[in-house]
Structure formats: structure tokens, C-alpha cells
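Everything below concerns the one structure shown next.
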Amino acid sequence: MSALSKESPPPRIIILIGLMGAGKTTLGRLLAQRYGIPFIDTDVEVEKAAGASVADIFSQHGEAFFREGEYRVINRLLNTGPCVLATGGGAWMNEKTRQAIRNTPSTCTVWLHVPVDVILKRLHHSRNTRPLLQHQDPRDTLTRLAHQRYPLYAQANITVHFGEESMDQGVQAIHDALQNFIPPQRVHVHLSHHSYDILIGSALLERAASLLVPHLKSRHAFIITDETVAPLHLKTLESAISTTDSHLTILRIPPGEGSKSLQHYSTLMEKLLTLGIDRHTTIIALGGGVVGDLAGFIAATALRGLPFIQIPTTLLAQVDSSVGGKTGINATAGKNLIGAFWQPHLVLADTNVLTTLPRRQLVAGYAEIVKSGLIADLTLFEWCEHHGQAVLDGDHEKLEEAVHKACVFKTRIVTQDEREQASSGGRALLNLGHTFAHAFEAEFHYDGRLLHGEAVSIGLHMALALSVRMGFAPKKDLIRLDNHLHALSMPCHPSDLPHPLKADDLIAHMMHDKKAYDGRIKFVLLHGIGKAFTHSDINMTEVKALLKEEGCL
């Protein structure tokens, strides 16, 4: 297809950025003609608004004055329909302008990355019209500008390398990049004192320069990861961020629940303080729930609170632990007993990383999705019945859909009850199955023989079985849940555990659970699928009898 033939454009405003002479105006006109949408040159619009040329504005009022006017013009143009917008070379350097563009969902920024030597050839006959080239050597000026601007240009959604190619070839390169660009799904978490986005999609680590770096409060950030995740995903993240001026320091911990301890917390905290942090240093968690919980607690407590970003790498972390701001570590007395609520500034859920997970890890995460349906979303549970096998088989489309659905559900709960303070219902409902699950985990000492999600899978059955036993829920719903878990070969009964457990030991663990109050345990029970509620008046002899019926000693 010729670069001048019309076709349907991407449904967004295409914004071209880059150094002067990169071809933004020429390529922009051709691209707009190809798509049959308007082309707008911001320099021309600024001149119209000011009634003076760009050169005159620079000479009479200075660059700062020009950039402020340029920002106002671009901010106005962002409210127009689909178009191709060519910006001045310095427009993207204005933080207000960058923020305005990022806050407009329909935009896609394209950096035209052109070698300085090519730009010099193009500008040979037009230097007198370029204010920044009139008083210094052009090569030195362009080299200096490239050094200053490239780290910020790298935060564009798309980078297109363009040199001696023809303009038609350049338009085709931009078009191809736009066709391959799929914006991540965005779930917005709006809380009373803080808001952030959960971004969900494929290849998000590769796009960390545009998605993550704008959220860093300073140029220095610490990545906390574990020794299993680092070889798989750290290089991709580092490579993406290396195109910017951000500096990363990597801190590794051993994999597994054992790292959520006071010892590892203390060791990491001392390292952070020794290496040097300030109130703007961002802590980035790259890993599963253990890494996220530990890194989040460090972020919550270092210097009384540091910016925090979650990059969950397991299905369990993407649908559960990375969302909602619960952070913490384990104590000898029980799981997550030392912690804090500390909301992230961003959650980056790259579904591509899930392809490295064994089925057992997918099962562990999927149990939390089933839990969401059981709590208050019958439609989600029905979706699980139809698509659960595809999720566990690693179907990328269904995995991404599952993550999105679970995050939307949990966000709705967290937004209503951020700190689990509702007297009934609210965020406490997210603990469905967890009273049993945490007791199972404690008996296996968090040593990897039983994953959290596997324990939750059994805990869901136990919570519904207790509900049936107490007369709250119909037995047909328990049969329906069990049929679903069995169909996917998921753990369902205490007899599926690595070895039998004693009912008295499990009840002792439950009494130390952080949800216990005044000697009573607040259970999350069900009136049926999609109808969860909290209940504190449970006779523990009934719980013990149920555990024994289910195979405990």
C-alpha cells in the first residue's frame, strides 16, 4: 500500500516528538494524509495564538515564555478529535506538557529517533529560522540537545529509528509501529487520599521507559527482586530503563516465604540506608507476593514512607497481593502479623511474564480469581467455569482477561473499604477461605510444600462446607464449587495436602490469626455462590468436627 493511500487510523491522537529536523512536520503531513485525519503543527498554532513567529517569541520573550504558551496550545489541541500532532523539539521537555499528554487516554507519542548527522544535512539551508541554532555551532548544539533530551524522548510510547530512508518509508515505519502498539488495559484505583493505575497487558516490561519511569520521583530507584525472578525478567526491565536517565540499584533476596522475615527486612533496610536514600527514592518490587509484601513494607517504613511501584510476576500477585496496599512480613506467631497499609504509585502487570510459570503457580493464582467470584460476582464464577481450563493451559488472551476481571473486582472492594474497617462485609470479605488457608500454611512452615494459592483453594471449599454445615448455604453450591476445582485438578480437600494435619493444631493457628478478636474468629462464610458475609459467632467445636470429617486427625 502506498504511504499516501487512506486507511483507518488508530483511534487516538498521534503525537510526533523529536529533535528539530527529525521530519516531524513532513512525516506528520504524510501520515495524516494516509489516515485521512487532520495534521496540526504546534509551532504554527503557537504563532497564530501569539501573532508572532517562533523566532520573534524567543528573541523578545525567551524560551521559558515560549514553552508556557506552547503548553497551553498543546493542552487545547488534546481536546480535539483524531489528528496527527507535530510538536516542537523542546515541547516534550516541559513536564507540564508531558503530563497533559499522558493524562489524555487517546494519545500515542512517537519519538522520531534520527541521527544528528542526518539532521545537520536536513537543516543546512534553514538554520536561520531555528532560534537555538543561530548563535552556536549547529553540530555542538544538536549534540548537546540530544544528550539532554533523548532520556526524556525515550519515555514516548513508541520509538521509530529513521535516517536516510525516504519519507514514504518513514511513514510506513511509523504506521507499522502504530499497528503493533496495543495500549495496556487500565484499572484506576481511586482512594480518599491517593489514586493510582493498574496497567495490564503484554510486553509491558519492554515499555517500562514510557509506563514506569514517569512515576519515579527521582532518578534513583531500588529494585527488590528474588533470585528466581531476576534471571528471567530483570534484564528486560533494566534494558528498557537504560534508555532514560534513571539509575537502578538491585537488591536480591532468596525465593520463598522464608524471606518475609524480620531478618531479611532488617538486612534490606540497612542496605538501603547505607547506600543512600531520600524521601523521593522509589522502591520497585519485581516478583511474586513475597517480594511485593516485603518490598512494600520496606517502602512503608523507610524514612516514614517512600514511593512504591509493584511489578508482580506471578498470577497470584497480579490478581491479589499487588492490589490494595497490604504489605507485611511474617512472625513466629503467624503470617503477615507485622505490616502496614501502603498503596503503590503504580502496578505494572505484564501478562507475558506468566508464560514462565509452571502450572502449579497458575493454579495458585487462579484460586484467588475463583474466590472473587464466590464472594460477590456470580458472573465471574460462571466465567471461571467456562474459561478456567484455558487460563491454566496458559492461553494468553484468557490470562489477561482473568487478571483484568480480578483486578476490577478487588479494586471495587478496596475502594469502598481501604483499611478493612467496615464493621461487616467490605474488605474483610476478601479473606474468604483464608482463615483455613493460613492455618494450613503455618503447619507446613511456609517451606514451599504448600503454596498460598493452593491453601486458598482448599480453604474456599472449607468455608463453603462450613456454611453448608451451619445451614447458611445450599449443598448444591458446594457441589458446584467442588466440581469446578476437581475438573481442573485443583486441591479441594484437606486430604489433598502433602500429609494429614491435626484439627487441634489448625484451630490453634486460627486463634492466632490477625482476624481473631476477643477470643473469637471472624469467618467469611457464604449464603451461596456470590453471596459472602462475615460471621463471628461460630462454635469452634463445629469447625473441629468439620476438619475431622474432611480428613484431619
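Laid out as a table, the results:
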read-out: Segment 487-547-segment 234-304 distance, computed between alpha-carbon centres (Å); value: 34 Å
read-out: Length gained when the stretch Leu251-Glu63 is fully extended (0.36 nm per residue, less Cα-Cα span); value: 63.5 nm
read-out: Whole-angstrom gap from segment 347-386 to segment 32-106, using each part's C-alpha centre; value: 44 Å
read-out: Contact order normalised by residue count of segment 374-549, Cα under 8 Å, 6+ apart, percent; value: 27 percent
read-out: Sites Arg480 and Leu262 - FRET efficiency at Förster radius 41 Å, r taken between beta-carbons, to 0.05; value: 0.45
read-out: Straight-distance crosslink candidates among aspartates and glutamates, where the alpha carbon sits under 14 Å from Lys235 and sequence neighbours closer than 8 are dropped; value: Glu206, Asp226, Glu227
read-out: Extension gain (nm, one decimal) between Thr356 and Gln99, 0.36 nm per residue minus Cα-Cα; value: 89.1 nm
read-out: Volume per residue of the C-alpha convex hull in segment 374-549, rounded to whole Å³; value: 120 Å³
read-out: Estimated translational D of the chain in µm²/s (Stokes, Kirkwood radius over Cα pairs; 10 °C; 1.306 mPa s); value: 61 µm²/s
read-out: Violating pairs (Cα-Cα greater than 18 angstrom) within the set Lys260/Lys410; Lys502/Lys544; Lys371/Lys405; Lys24/Lys121; value: Lys260/Lys410
read-out: Only Lys, Arg (+1) and Asp, Glu (-1) charged, at Cβ; the chain dipole about Cα centre in debye; value: 920 debye
read-out: Distance between segment 156-191 and segment 399-461 - C-alpha centres, whole angstrom; value: 38 Å
read-out: Pair Ser218, Ser239: separation of 7 Å Cα→Cβ label points (nm); value: 3.0 nm
read-out: Spin-label model distance (nm) - Lys271 vs Glu227, 7 Å beyond Cα toward Cβ; value: 1.2 nm
read-out: Modelled FRET efficiency - R0 22 Å, His147 with Ser106, Cβ distances, 0.05 increments; value: 0.10
read-out: Relative contact order (%) - criterion: Cα under 8 Å, at least six apart; region: the chain; value: 10 percent
read-out: Lysines whose Cα lies under 17 Å from that of Lys475, excluding same-chain neighbours fewer than 8 positions away; value: Lys531
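Read-outs: derived from the displayed coordinates by stated rules, not from any lab. This is a predicted model, so every value here is computed, not measured. Positions of Cβ are backbone-derived with ideal geometry, glycine not excepted, and every protein chain shown enters the neighbour counts.
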